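Right, one structure below, let's go through it.
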Amino acid sequence: MTGVQTCALPIYADDSWLPEKLQKQVDVLEACPHVGFVYSDNYFVDDQGAVINHYIRKVKLVRGNVLLDLILDFFLITSGLMLRKKCVDSIGFFNEDLHVGEDYEYFLRLAKDYEAEMIPEKLWNRTVRKDSLSRKDYQLDALNDLNTLKVFLKSVPIFYQEHHKPCLTRLADCHFSFAYQL
């Protein structure tokens, strides 16, 4: 034994689900009719499927109204999410004008209107690739996220007034990070 932990499923695309993921998420949505979406924890793996034990990004496990949490820490990942059809019918689809960061913009709209539930189990594998779009063009990715956040906060003035200080702190952090990378 080499001490390398590997994921349960082979990697054929960027991400993969463990066999029980869908059923567990369906069970949660059936048990919690007030919830719009459910997500779970995950493994971060390299392109060979080996678990990256101390990966810097973590999935924040919160439930209920997660909008402020999402603004302060972009923790949702598309592969780990299951949402009700009524959510899509209500908020629409991804913004096709965004080449990167479309998921962040979508999740902000989702979390604004719907409560979340989470499963604190690792039910899927997120593959970390050095050549991913967000890693290839960090400037475009960071700029899109910053602009998305600014536009979103302008669209929710009451929320912004109620959470003015943490939102300003997050915007300052985004500006600093973007400038530092330049």
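The values are calculated or read from the model by the stated rules, or taken from the named source; none is laboratory data. These figures come from a predicted structure and were not determined experimentally. Please note: Cβ atoms are built from the backbone with ideal geometry, for glycine as well, and neighbour counts cover all protein chains shown. The protein model used for the area step is the full one, side chains on, heavy atoms only, and it has no ligands, DNA or RNA in it. Shrake-Rupley method; radii C 1.70, N 1.55, O 1.52, S 1.80 Å.
Brief remarks on what is shown
- For segment 70-97, the set of residues classified as open to solvent by 20 Å² or more (accessible area, probe 1.4 Å), touching a residue at least 40 places away in the same chain (Cβ under 8 Å), touching a Lys or Arg at 6+ places or on another chain (Cβ under 8 Å) and closer than 20 Å to CYS167 by Cα consists of LEU72 only.
- Considering (1) farther than 19 Å from VAL128 by Cα; (2) part of a helix (DSSP H, G or I); (3) open to solvent by less than 40 Å² (accessible area, probe 1.4 Å), the lone condition that MET118 does not fulfil carries the number (2).
- First in segment 138-149 and closer than 10 Å to GLU105 by Cα and open to solvent by less than 20 Å² (accessible area, probe 1.4 Å), second anywhere and small (Gly, Ala, Ser) and not in a helix (DSSP H, G or I), Cβ under 7 Å, 6 or more apart: THR148/GLY101
- Of all residues in segment 104-115 being touching a Phe, Trp or Tyr at 6+ places or on another chain (Cβ under 7 Å) and farther than 15 Å from VAL151 by Cβ, the one that is most open to solvent (accessible area, probe 1.4 Å): TYR114
- Total residues in segment 61-82 satisfying the condition of being within 13 Å of the chain's Cα centre (by Cα), farther than 13 Å from SER16 by Cα and at pLDDT 90 or above: the figure is 12.
- Within segment 151-164, restricting attention to residues that are closer than 17 Å to GLU105 by Cβ and surrounded by 14 or more Cβ atoms within 10 Å (Cβ to Cβ), the residue that is nearest to the chain's Cα centre (by Cα) is PHE152.
- The single condition from (1) within 13 Å of the chain's Cα centre (by Cα); (2) more than 14 Å from VAL38 (Cα to Cα) that ILE91 fails is (1).
- Some residue of segment 122-131 being under 23 Å from TYR39 (Cα atoms), buried (at least 20 other Cβ atoms within 10 Å of the Cβ) and among the charged types (D, E, K, R): yes
- Scanning segment 21-63 for residues that are exposed (fewer than 15 other Cβ atoms within 10 Å of the Cβ) and charged (D, E, K, R) turns up ASP27, GLU30, ASP47, ARG57, LYS58.
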